[in-house]
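Below: the structure, in structure tokens.
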Amino acid sequence: MSSEPVNINDFKELARLALPKMYYDFYSGGAEDEHTLRENIQAFYRITIRPRVLIDVSKIDMSTTILGHHVSAPILVAPTAAHKLAFHEGEIATARAAAAVKTIMVLSYSSTCSIEEIASSCNSVRFFQLYIFKRRDISALLVQRAERFGYKAIILTVDTPRLGRREADIKNKMIAPPVKSLEGLISIDVKSDQGSKLETYANEMLDASLRWEDIGWLRSITTLPILIKGVLTHEDATKAVEAGVDGIIVSNHGARQLDFAPATISVLEEVVHAVKGKIPVLLDGGVRRGTDVFKALALGAQAVLIGRPVLYGLAAKGEEGVRTVLEMLKNELETSMALSGCPSIKDITRSHVRTHYDNLPSML
């Protein structure tokens, strides 16, 4: 590119140019026909903003709290795998960038840096993403290490009883990258004559028998708050509240699991209504603009999580790229708030957006 990136799509193009095709496909691809991958972004286009005027917006305050932790804006770093495929410092660079913009990073269990390395890399609030393995002792050990090294919450991913069909990875015969926190615990030297070795590894190791009752087991081994990531329906949101979790992340795993699952922004309000304010609801999937963040907040999300844009920034420009991506989204959100008449996060309300569903009564 002949000029500096000015938006997330520019960073995506820089990442495409910087990465080997196998790695770019791994980061950017979705499941099967990638319908949900496209829809995650396009669903935001169908929501319009209803700006209010003649309000004092000379000062904009984007700060908020997540589980009691202060952040400069409701934009968090989502758990994503294998950052060293994008940049040699891996998740350490991402963690430092998140700290620099005063937000929370969720470390993936499949990080290429260890729980301990990230904890010592910088002083900031961070959460840990957990999968439940067939060997529960390994999951328990990861939780204990995260708690011991100062992580402030456990994000339990619940939408992966097996890996979705990520056909680009199958075609590329994508190899599972080393998972630093699992060294000495699980061998990743799996045999696969066809397709993605990553898929084979995940399907051999992850516990497909996980049920709602197992939230109690996780609760018994940690004092940390537990959020579940992967809820898309009001039925599961209600069950999550009944199970006693501390928060929900509305997520379809970046459209990498079940193709034709709904776009997350399209079901956010359904989940928000189901929990009735009892626990916080966050959203990930498809956020590429500050206006997307604004729309999610208006529909009831306490914050959004950013996955692929962070990886694109990391691949393009390392730590500086991640920091720029986060600042870019913050700046866009600030502009959206000012132009919509919202001087603070609490001023963003449901009346500030119109969705496709709002138009249905007038069409009947």
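In the context of the full protein assembly, residue 295 retains an accessible surface of approximately 20 Å², using a probe radius of 1.4 Å and ignoring ligands and nucleic acids.
The listed residues 167, 242 rank as 242, 167 when sorted by accessible area, largest first, using a 1.4 Å probe. Beyond 28 Å in Cα-Cα separation lie the following of the pairs 180/317; 84/173; 21/134: 21/134.
Relative contact order of the range 299-362: 24 percent, from C-alpha pairs under 8 Å at least 6 residues apart in sequence. Within the listed set 305, 19, 185, the Gaussian network model of the chain (springs between alpha-carbon atoms below 10 Å) gives the highest mean-square fluctuation for 185. In loop segments of the range 23-85 as defined by DSSP, the trypsin sites (Lys or Arg not before Pro) with at most 10 further C-beta atoms inside 10 Å of their C-beta are 59. Our coupling estimate for the range 288-300, obtained by passing each phi through the Karplus curve with A = 6.51, B = -1.76, C = 1.60 and θ = phi - 60°, is 10, 9, x, 5, 5, 4, 4, 4, 5, 5, 5, 8, x Hz, Gly and Pro reported as x. Using the alpha-carbon centroid of each, what span in Å lies between the range 60-84 and the range 94-109? Spelled out, the Cα-based centre of one part sits 8 Å from the other. The Rg/Rh ratio of the range 285-364, with Rg taken over Cα atoms and Rh as the Kirkwood radius over Cα pairs, comes to 1.08.
Karplus-based coupling profile of the range 157-174, in residue order and whole Hz: 7, 10, 9, 10, x, 8, 6, x, 7, 9, 5, 5, 5, 5, 5, 7, 6, 4, with θ = phi - 60° in 6.51 cos²θ - 1.76 cosθ + 1.60 and x standing for Gly or Pro. Contact order, relative form, for the range 8-351: 26 percent (alpha carbon pairs under 8 Å, 6 or more residues apart, mean separation divided by residue count). Between rounded, prolate and oblate, where does the range 223-364 land on the alpha carbon gyration tensor, with a ≥ b ≥ c its root eigenvalues, rounded for a/c under 1.5, else prolate if a/b exceeds b/c? Oblate.
Each residue of the range 138-155 was assigned a 3J(HN,Hα) from its phi angle through the Karplus curve 6.51 cos²θ - 1.76 cosθ + 1.60 (θ = phi - 60°); the sequence is 6, 4, 5, 5, 4, 4, 4, 5, 4, 5, 5, 9, x, 5, 9, 6, 10, 9 Hz, with glycine and proline shown as x. Close amide H pairs (under 5 Å, H built 1.01 Å from N) link residue 249 with 228, 229, 230, 231, 282, residues at least 5 positions away or on another chain.
Could you tell me the ratio Rg/Rh of the range 1-146? Both radii from Cα atoms, Rh via Kirkwood. Here the Rg-to-Rh quotient is 1.01. For the range 144-185 and the range 247-263, write down the distance between their C-alpha centroids in whole Å. First find each Cα centre; the distance between them is then 16 Å. Amide H to amide H distances under 5 Å link residue 130 with 155, 156, 157, where only residues 5 or more positions off or on other chains count and H is placed in the peptide plane.
Ordering 135, 211 by accessible surface, largest first, gives 211, 135; the 1.4 Å probe counts only protein heavy atoms, with every chain in place. Here, the chain is characterised by an Rg to Rh ratio of 0.95, where Rg is the alpha-carbon radius of gyration and Rh the Kirkwood radius. For the chain, modelled as a GNM whose springs connect Cα atoms under 10 angstrom apart, the maximal fluctuation among 277, 68, 313 occurs at 68.
The values are calculated or read from the model by the stated rules, or taken from the named source; none is laboratory data. If you're wondering where the values come from, they're calculated on a predicted model, not measured in any experiment. All Cβ positions, even for glycine, are placed from backbone atoms using ideal geometry, and neighbour counts span all protein chains on display. Ligands, DNA and RNA are excluded from the accessible area calculation, which covers all protein heavy atoms including side chains. Shrake-Rupley method; radii C 1.70, N 1.55, O 1.52, S 1.80 Å.
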